[in-house]
Amino acid sequence: MRVLIAHNRYRSEQPSGENVVVDDEARLLAEHGCEVELVQMRSDEIADWPASKKALLPVRTVWSREGRKLVADAVERFRPDVVHVHNTFPLLSPAALRTARASGAAVVATMHNFRPLCAAATFARDGKVCTSCLGRGPLPAVVHGCYRDSRLATVPLAASIAAHRLAGTWRNSVDRYIFPSAFARSLYVQAGWSPDRLVVKPNTAPEPGFGRTGPGRGFVALSRFSREKGLDTLLDAWRTAAIDEPLTLIGSGDLDRDLRARAAGLANVEFAGQLSHEDALARLAGARALVVPSRWFEVFPRTIVEAYALGVPVVASRLGSLVDIVEHDVTGLHFEPDSPDELAASLRRLANADALTEDLGKEARRRYENELAAGPTTRRLLAIYGEALAQAASSAALEAAWA
């Protein structure tokens, strides 16, 4: 099978899980016998553009002629059976999907976020969940300036949502949409998308080659330091929990100074900074649990897959996809979002129960092996490609019959 993967890479200064997913899938497809070609645009390019070209970026976000040509040329050269589109923002634009459809190949798109439904792509505003635009138009996003806290910056994204909804891009250009979690899929169904073409395939992470031994000690949060990630709730919970074990916060972000101030006087709290991937996994492998205290709709945090691969359970907010990914009392524990008291109780429960922590870790590892490892996730992706090819052939036959 020949697979063309199209992706707009995010800026290098903002490490992206989507970039990693694309690279992993390309490698795994090749290992499973597919011929794979990547066609990519890079947001890093924008910094070197002249001012006149930058001024046209909002228009390109809605409809990119350059993105369409890039995909069209790649299709002409490579002749794929499947075109798999990932991120199109901002340089490819959703118009790339229409070009892929016109090629005659089966078209698959992975929805890593909520951009066709929400200008901010996150369903978050002011650091908490907001679904004002769900199932409606994007006008509320413009009113609130949801993208980068700017009404002006939000306008082209809202225009893209409206234009491609009106043009039927989402309805007619894709044979299968892939969602990393059932919850993410459910929001698109709620928005009126046809459920027949919406399927679930979870994210994966490579086999680490090592794992936790015993119950571990202490807790780790591996996250961007921003309000929606809920790290302030974690620090407040740590103050209440009074656990004589370490809490390690790995990462960085806009709230670095605020979080350090909030942690003043707390015992056993370490701000480890932005560690290498290998060092971060090594820290995580020694922990009782990964803590994910988010107050927004995570789609499918890769860090959870990595924790499961290490045999480390997860303490997560009872919110959105985290309810699907973390099974309470099986692979981890849930707590109510924004509730330091509930989170403190969960942390104390694990700190005082070595047997429970080990059992949860074993189940986490079992789920990784059965559902989230490279083998089962790649087989699932290939099955989805098969469904997309059948759908494309059926649509072509129907069109020929009506011609």
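One residue stands out among those in segment 232-252 that are open to solvent by 30 Å² or more (accessible area, probe 1.4 Å) and part of a loop (DSSP other than H, G, I, E, B): the one that is nearest to Arg302 (Cα to Cα), which is Ser252.
Selection of segment 178-192 for residues being of a type outside the set (A, V, I, L, M) and either without any contact (Cβ under 8 Å) to a residue 24 or more places away in the chain or within 18 Å of Leu134 (Cα to Cα) (or both) yields Phe179, Ser181, Phe183, Arg185, Ser186, Tyr188, Gln190, Gly192. If you go through segment 89-119 and keep only what is among the small types (Gly, Ala, Ser) and closer than 19 Å to Ser181 by Cα, you end up with just Ala109. Among the residues of segment 1-24, just one is crowded, with 16+ Cβ neighbours inside 10 Å, among the charged types (D, E, K, R) and touching a strand residue (DSSP E or B) at 6+ places or on another chain (Cβ under 7 Å), namely Arg9. Each residue in segment 308-356 was checked for being closer than 25 Å to Arg227 by Cβ, touching a Phe, Trp or Tyr at 6+ places or on another chain (Cβ under 6 Å) and open to solvent by less than 10 Å² (accessible area, probe 1.4 Å), and 2 of them qualify. Would you call Thr99 without any contact (Cβ under 8 Å) to a residue 60 or more places away in the chain, open to solvent by less than 20 Å² (accessible area, probe 1.4 Å) and out of contact with any strand residue (DSSP E or B) (no Cβ under 6 Å at 6 or more places or on another chain)? The answer is yes for Thr99.
Looking across Leu389, Leu372, Leu382, one residue alone is within 22 Å of Leu290 (Cα to Cα), among the hydrophobic types (A, V, I, L, M, F, W, C) and modelled with pLDDT of 95 or more. It is Leu372.
Filter segment 218-228 down to residues that are open to solvent by 30 Å² or more (accessible area, probe 1.4 Å) and modelled with pLDDT of 95 or more, then give me how many there are. The qualifying residues number 1. Taking the listed residues Pro208, Pro202, the one that is touching a residue at least 60 places away in the same chain (Cβ under 8 Å) and either under 14 Å from Phe114 (Cα atoms) or out of contact with any Ser or Thr (no Cβ under 9 Å at 6 or more places or on another chain) (or both) is Pro208, with no other qualifying.
Only one of the numbered conditions (1) open to solvent by less than 50 Å² (accessible area, probe 1.4 Å); (2) modelled with pLDDT of 95 or more is violated by Ala261, and that is (1). Of (1) under 19 Å from the mean Cα position of the chain (by Cα); (2) farther than 16 Å from Ile5 by Cβ; (3) open to solvent by 40 Å² or more (accessible area, probe 1.4 Å), Val59 satisfies all except one. Which? With (1) under 19 Å from the mean Cα position of the chain (by Cα); (2) farther than 16 Å from Ile5 by Cβ; (3) open to solvent by 40 Å² or more (accessible area, probe 1.4 Å) applied to Val59, the lone miss is (1).
The residue list Arg148, Arg125 contains one member that is touching a His at 6+ places or on another chain (Cβ under 7 Å) and not polar (S, T, N, Q), which is Arg125. When we screen Glu45, Glu31 for residues that are over 22 Å from the mean Cα position of the chain (by Cα), within 24 Å of Ala388 (Cα to Cα), open to solvent by 50 Å² or more (accessible area, probe 1.4 Å) and of a type in the set (D, E, K, R), the only hit is Glu31. Each residue in segment 194-217 was checked for being part of a loop (DSSP other than H, G, I, E, B) and open to solvent by less than 60 Å² (accessible area, probe 1.4 Å), and 11 pass.
The values are calculated or read from the model by the stated rules, or taken from the named source; none is laboratory data. None of these values were measured; they are calculated from a predicted model. Every residue, glycine as well, gets a Cβ built from its backbone with ideal geometry; the counts of neighbours run over all protein chains shown. Areas reflect the complete protein model, heavy atoms only, side chains present, ligands, DNA and RNA absent. Shrake-Rupley method; radii C 1.70, N 1.55, O 1.52, S 1.80 Å.
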